[in-house]
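Data first, discussion second: the structure below is written as structure tokens.
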Amino acid sequence: MGKVALVTGGSRGIGAAISKALKEAGYEVAANYAGNDDAARAFTEETGIKTYKWSVADYEACEAGIKQVEEELGPIAVLVNNAGITRDAMFHKMTPQHWKEVIDTNLTGLFNMTHPVWTGMRDRKYGRIVNISSINGQKGQAGQANYSAAKAGDIGFTKALAQEGARAGITVNAICPGYIGTEMVRAIDEKVLNERIIPQIPVGRLGEPEEIARCVVFLASEDAGFITGSTISANGGQFFV
């Protein structure tokens, strides 16, 4: 049996592609999800990957979920913090609830998931943590003050934790996808997609979820042992850091 990898938001979109790619790479994969039971059931039937339901915004639920995964599959060697939500609104219309929900899931969720696995990784002198941030955490985006703040925070979290984990054999890295052709993005009005979004991308197309997944597989591998605290910008040339 391979090393255990846990992917949050791992049954749909980019997360599903990550879960599948890690399984193909030989990992024993657990996919966390928050609410869509039908999608999770279909994903498990399609892939054979076990799914586990809890909210990453709830620390105690994360502790309990991680404990269940480790009891059933073994110690978690790879954690991919992919779960995220949007509550978009221009700032003058943004409510405290819009702000809190996004911060709780997209930023505090990283703490809630990483903290319970950290001691075990330190004890075993091995761990791979990959945080899925966003191009909008790098450059900002109108209507996404909450999302951009959370995703920028993910990058800061990555850089700080990488320094703590390095001597314990734990790498911590981030990936910042641009516009990826998920179900959510492809649901955008075709005129908006073709006239306003894709022209901003120098390679002239949306990214594919599998392209982000391949970045994760690399960062989770032994080949990436000297890479930590880094951010991979996978955005087709739309934004350079």
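Read the figures in this text as sums done on the coordinates, not as results from a lab. Everything quoted here is computed from the prediction, not taken from an experiment. All Cβ positions, glycine included, derive from the backbone under ideal geometry; neighbour counts span all protein chains shown.
Could you give the semi-axes, largest first, of the ellipsoid that matches the range 148-241, computed as the square roots of 5 times the alpha carbon gyration tensor eigenvalues and rounded to whole Å?
30, 14, 11
Residues with beta-carbon under 14 Å from that of Ala57, excluding Ala57: net charge, scoring Lys, Arg +1 and Asp, Glu -1?
Net charge around Ala57: -2.
Label-point separation (nm) for Glu101 and Ala42, each offset 7 Å from Cα along Cα-to-Cβ?
Here the modelled spin labels are 2.2 nm apart.
In Å and from the alpha-carbon atoms only, list the Rg and Dmax of the range 39-119.
15.0, 47
Provide Rg and Dmax in Å for the range 53-166, with only Cα atoms included in the calculation.
Considering the range 53-166 through its Cα atoms, Rg and Dmax are 15.1, 48 Å.
Would you order Arg41, Arg167, Arg128 from fewest to most other beta-carbon atoms within 10 Å of each residue's own beta-carbon?
Fewest-to-most Cβ neighbours within 10 Å comes out as Arg167, Arg41, Arg128.
What net charge is computed for the residues neighbouring Gly181, neighbours being all others with C-beta under 11 Å from the C-beta of Gly181, Lys and Arg scored +1, Asp and Glu -1?
It works out to a net charge of -2.
Hey, how many Å between the Cα centroid of the range 100-118 and the Cα centroid of the range 17-46?
20 Å
If each DSSP helix of 4+ residues adds -39,500 (n - 2.57) and the sum is divided by the residues in the chain, what number results at 222 nm, nearest 500 deg cm²/dmol?
Computed mean residue ellipticity for the chain: -14000 deg cm²/dmol.
Summing +1 for each Lys or Arg and -1 for each Asp or Glu, what net charge is found among the other residues whose Cβ lies under 13 Å from the Cβ of Phe239?
Spelling it out: positives minus negatives among the neighbours equals +2.
Under a plain spin-label model, where a point goes 7 Å from the Cα along Cα-to-Cβ, how far apart in nm are Ala64 and Glu211?
Going from the Ala64 label point to the Glu211 one covers 4.0 nm.
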